[in-house]
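**Student:** Can you read through this structure? Questions will come right after.
The values are calculated or read from the model by the stated rules, or taken from the named source; none is laboratory data. Computed from a predicted model, the values in this text were never measured in an experiment. Counting neighbours? That spans all protein chains shown, and the Cβs are built from the backbone with ideal geometry, glycine included.
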There are 2 protein chains.
Amino acid sequence: MNFLELIKIRQSVRKYSDKNVETEKIEKCIEAARLAPSASNAQPWKFIVVNNPELKNKIANDTFSTVVPFNKFTLQAPVIIVVTIEKPNVMSMIGSRLKNKEYKLIDIGIATEHFCLQATELGLGTCILGWFNENKIKKILNIPKKKTIGVLITLGYPCNEYIIRDKKRKNTDEIRTYNKY
Amino acid sequence: MNFLELIKIRQSVRKYSDKNVETEKIEKCIEAARLAPSASNAQPWKFIVVNNPELKNKIANDTFSTVVPFNKFTLQAPVIIVVTIEKPNVMSMIGSRLKNKEYKLIDIGIATEHFCLQATELGLGTCILGWFNENKIKKILNIPKKKTIGVLITLGYPCNEYIIRDKKRKNTDEIRTYNKY
């Protein structure tokens with residue numbers, strides 16, 4: 001499978017089978033994330049793999065509410081990865097301050113996507129979540145108060161009837177120009 | 001080549017040959033970026049491909065200074081991509097405000113890495129730059145004042161003697177835990 005084929009079958013999976021995810025597959029996804037590039041090689045991330053069913057459900061319950069119910073599918077996923085944002089190194093911090101750019105978030109995006117693309121290649125489904133009750137999840141996992149959670153990633157085998165959807169994206173002409181804005 | 005192999009040969013390339021990059025290869029990298037996922041499918045990005053040599057050199061000259069000379073290699077790269085951060089859609093904006101998370105930057109990271117991984121598969125080299133004179137580059141390319149540049153990406157064929165370096169990364173145990181922080 002070439003890279004473009006991999007991208008095309010990578011999609012947000014919101015229906016999971018109850019099959020468990022093998023630890024070696026989780027570790028391969030972590031390895032893909034670990035090798036991700038980052039500003040000044042700061043690697044400002046930690047990945048907490050939550051695969052204890054009880055604990056996972058506690059986390060899942062903090063990704064939706066009666067008002068915002070669209071993440072309820074997280075209860076189905078056998079694994080949730082909590083990605084924390086860690087202190088970058090001095091070089092990256094100086095750069096971020098001087099340039100007023102949160103490089104850490106760009107880095108988190110890259111590493112998270114490495115994880116998800118590797119999962120896709122292994123036949124696993126993922127969904128990146130930005131919507132969750134951060135303080136509750138930090139308490140559950142004893143994450144220090146000062147730390148921030150970047151994203152959550154659900155992980156599991158897609159349910160059998162899962163199909164690859166066509167991607168709805170802007171046209172190339174809307175997002176790419178040559179030599180001018 | 002599987003995904004982990006692709007990741008391992010993807011590296012920051014800072015020495016380029018003077019061979020031009022074929023437009024169809026640039027377009028394939030853009031396609032990989034275009035298909036990237038984003039928060040609420042906002043796709044908050046534009047890619048300005050700067051491959052006019054004169055214009056490209058103007059941009060390159062705004063990525064380093066006598067005080068910060070480490071980006072001087074950009075003069076060698078035949079192409080520089082300027083990635084602007086565009087307004088996300090309403091859903092993503094509401095989410096960002098409520099959750100105090102700049103999803104846009106995570107999105108920019110993901111799309112940028114799609115671009116770079118596709119380039120790697122095509123035998124091209126890239127380097128993501130966070131350090132540049134944003135205002136000068138905006139003026140050169142007539143980018144509206146209100147817009148922000150996320151990153152620049154250099155693109156070109158690596159020079160012949162380029163070797164794949166071992167990646168220096170934290171150990172897995174430093175970045176991954178199970179069911180606790």
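**Student:** In segment B:1-45, which residue that is buried (at least 20 other Cβ atoms within 10 Å of the Cβ) and among the basic types (Lys, Arg) is nearest to A:LYS167 (Cα to Cα)?
**Tutor:** B:ARG34
**Student:** Looking at A:THR172 and the list (1) more than 18 Å from B:THR177 (Cβ to Cβ); (2) among the hydroxyl-bearing types (Ser, Thr, Tyr); (3) in contact with a strand residue (DSSP E or B) (Cβ under 7 Å, 6 or more places away or on another chain), which single condition is not satisfied?
**Tutor:** A:THR172 satisfies all of (1) more than 18 Å from B:THR177 (Cβ to Cβ); (2) among the hydroxyl-bearing types (Ser, Thr, Tyr); (3) in contact with a strand residue (DSSP E or B) (Cβ under 7 Å, 6 or more places away or on another chain) except (3).
**Student:** Evaluate the following for A:ALA39: is it of a type outside the set (S, T, N, Q) and under 15 Å from the mean Cα position of the chain (by Cα)?
**Tutor:** The answer is no for A:ALA39.
**Student:** A follow-up question, please. Is it true that A:VAL90 is of a type outside the set (D, E, K, R) and over 21 Å from A:ASN52 (Cα atoms)?
**Tutor:** yes
**Student:** Considering only residues of segment A:117-131 that are at the interface with chain B (Cβ under 8 Å from one of its Cβ atoms) and within 23 Å of A:LYS58 (Cα to Cα), which is surrounded by the most Cβ atoms within 10 Å (Cβ to Cβ)?
**Tutor:** The residue in question is A:ILE128.
**Student:** Given the criteria among the charged types (D, E, K, R) and modelled with pLDDT under 95, does A:GLU102 qualify?
**Tutor:** yes
**Student:** Take the residues in segment B:150-181 that are at the interface with chain A (Cβ under 8 Å from one of its Cβ atoms) and touching a residue at least 40 places away in the same chain (Cβ under 8 Å), then tell me which one is nearest to B:VAL50 (Cα to Cα).
**Tutor:** B:VAL151
**Student:** With the requirement that a residue be surrounded by 10 or more Cβ atoms within 10 Å (Cβ to Cβ) and part of a loop (DSSP other than H, G, I, E, B), what does segment B:166-181 give you?
**Tutor:** Matches in segment B:166-181: B:LYS167, B:ARG169, B:LYS170, B:ASN179, B:LYS180, B:TYR181.
**Student:** For segment A:78-89, what are the residues that are more than 12 Å from chain B (Cβ to nearest Cβ) and modelled with pLDDT of 95 or more?
**Tutor:** The answer is A:PRO78, and nothing else.
Every residue, every condition in (1) facing another protein chain (nearest Cβ under 8 Å); (2) touching a Pro at 6+ places or on another chain (Cβ under 7 Å), yes or no:
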position: B:LYS8; (1), (2): yes, no
position: B:TYR16; (1), (2): no, yes
position: B:GLU22; (1), (2): no, no
position: B:LYS25; (1), (2): no, no
position: B:VAL50; (1), (2): yes, no
position: B:LYS58; (1), (2): no, no
position: B:ASN61; (1), (2): no, no
position: B:ASN71; (1), (2): no, no
position: B:GLN76; (1), (2): no, no
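**Student:** If I ask for residues that are more than 17 Å from B:THR172 (Cβ to Cβ) and of a type in the set (D, E, K, R), which ones from segment A:26-81 would you list?
**Tutor:** Residues satisfying the conditions are A:GLU54, A:LYS56, A:LYS58, A:ASP62, A:LYS72.
**Student:** Exactly one condition in (1) assigned to a loop (DSSP other than H, G, I, E, B); (2) of a type outside the set (Ser, Thr, Tyr); (3) within 8 Å of chain A (Cβ to nearest Cβ); (4) buried (at least 23 other Cβ atoms within 10 Å of the Cβ) is false for B:ILE143; which is it?
**Tutor:** (4)
**Student:** Can you tell me which of (1) crowded, with 20+ Cβ neighbours inside 10 Å; (2) at the interface with chain B (Cβ under 8 Å from one of its Cβ atoms); (3) of a type outside the set (Gly, Ala, Ser) is the one A:LYS99 doesn't meet?
**Tutor:** With respect to (1) crowded, with 20+ Cβ neighbours inside 10 Å; (2) at the interface with chain B (Cβ under 8 Å from one of its Cβ atoms); (3) of a type outside the set (Gly, Ala, Ser), A:LYS99 is out only on (1).
**Student:** Something else about it: What do you reckon, is A:LYS136 in contact (Cβ under 8 Å) with a residue 24 or more places away in the chain, surrounded by fewer than 23 Cβ atoms within 10 Å (Cβ to Cβ) and either more than 7 Å from chain B (Cβ to nearest Cβ) or farther than 20 Å from B:ALA42 by Cα (or both)?
**Tutor:** When the stated conditions are applied, A:LYS136 passes them.
**Student:** Sort out which residues of segment B:55-108 are polar (S, T, N, Q), over 17 Å from the mean Cα position of the chain (by Cα) and either in a loop (DSSP other than H, G, I, E, B) or closer than 30 Å to A:PHE70 by Cα (or both), and write them in order of number.
**Tutor:** Correct list: B:SER65, B:THR66, B:ASN89, B:SER92, B:SER96, B:ASN100.
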